[in-house]
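Undergrad: Okay, here's the structure, questions in a sec.
Any read-out appearing in this document is the output of simple, stated calculations on the displayed coordinates, not a laboratory observation. Just so you know, these numbers come straight off a predicted model, no measurement behind them. Virtual Cβ from ideal backbone geometry, glycine too; neighbours counted across all protein chains shown.
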Amino acid sequence: TSAALEPREPLVTQARRWAAAAEPTPLRNVTFLSCNANASLPEVLSRMRPRELRAVSVQFPDPHWKPRHHKRRVVRAPLVDTVAAAMGPGGVVYVASDVEEVAEEMRALFLAGGGFRGAE
């Protein structure tokens, strides 16, 4: 089962529609949640068995350009710590951004915390 966390409710609603209409059969192994990952991820992961998490994907988060807003970026040390605590052996983290600075920062945060290592 996968969980997709997205702060914008209209996108979550549309994703649920697409999953329900998927062909040849509806997607039943994914849950779409409208929430803030930094605020809600610990609760979402607490519903899983310890070390059950196998993969995390952070796709094109808002770059929050202004330095005073960097604290709002999705990938920060507390999120990395939360993911590391729930990640099972061999788990994988994927990060993607169309802003090089943000991509490099996310990668650096995961490499610095939680025992993650970079792809070869």
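Undergrad: Looking at the square roots a ≥ b ≥ c of the eigenvalues of the Cα gyration tensor of the chain, which shape do they give, rounded for a/c under 1.5, prolate if a/b is larger than b/c, or oblate? Please report the intermediate quantities before stating the final value.
TA: On the way: a/c = 1.75, a/b = 1.28, b/c = 1.37.
Since a/c reaches 1.5 but b/c is at least a/b, the shape of the chain is classed as oblate.
Undergrad: Between Leu27, Leu79, Leu45, where does the largest GNM mean-square fluctuation fall for the chain, given springs only between Cα atoms within less than 10 Å?
TA: For the chain, modelled as a Gaussian network with Cα springs under 10 Å, the answer is Leu27.
Undergrad: Using only the alpha-carbon atoms, how far is helix 9-21 inclined from the longest principal axis of the chain? Give it as 0 to 90 degrees, nearest 10.
TA: That works out to roughly 50 degrees.
Undergrad: Taking only Cα atoms, what is the 0 to 90° angle, nearest 10, from helix 100-112's long axis to the longest principal axis of the chain?
TA: Roughly 80 degrees between the two axes.
Undergrad: At a 10 angstrom cut-off on C-beta neighbours, averaged per residue, how do the peptides 106-113, 46-53, 65-72 rank from highest to lowest?
TA: Details: 106-113: 16.4, 46-53: 11.9, 65-72: 9.9.
For the peptides 106-113, 46-53, 65-72, the packing ranking is 106-113, 46-53, 65-72.
Undergrad: Here is a further query. So for the chain, taking the charge dipole from beta-carbon charges (+1 Lys/Arg, -1 Asp/Glu), which of Ala37, Pro50, Ala84 sits furthest toward the positive end?
TA: So the residue furthest toward the plus end is Pro50.
Undergrad: Compute the helix-to-body angle for 37-46: its Cα long axis versus the longest principal axis of the chain, expressed 0 to 90° and rounded to tens.
TA: Tilt of helix 37-46: around 60 degrees.
Undergrad: Charges only on Cβ, +1 for Lys and Arg, -1 for Asp and Glu: so what's the dipole of the chain about the Cα centre, in debye to the nearest 20? Please report the intermediate quantities before stating the final value.
TA: Values: 16 positive and 13 negative charges, 79 e Å.
Using only the charged Cβ atoms, the result is roughly 380 debye.
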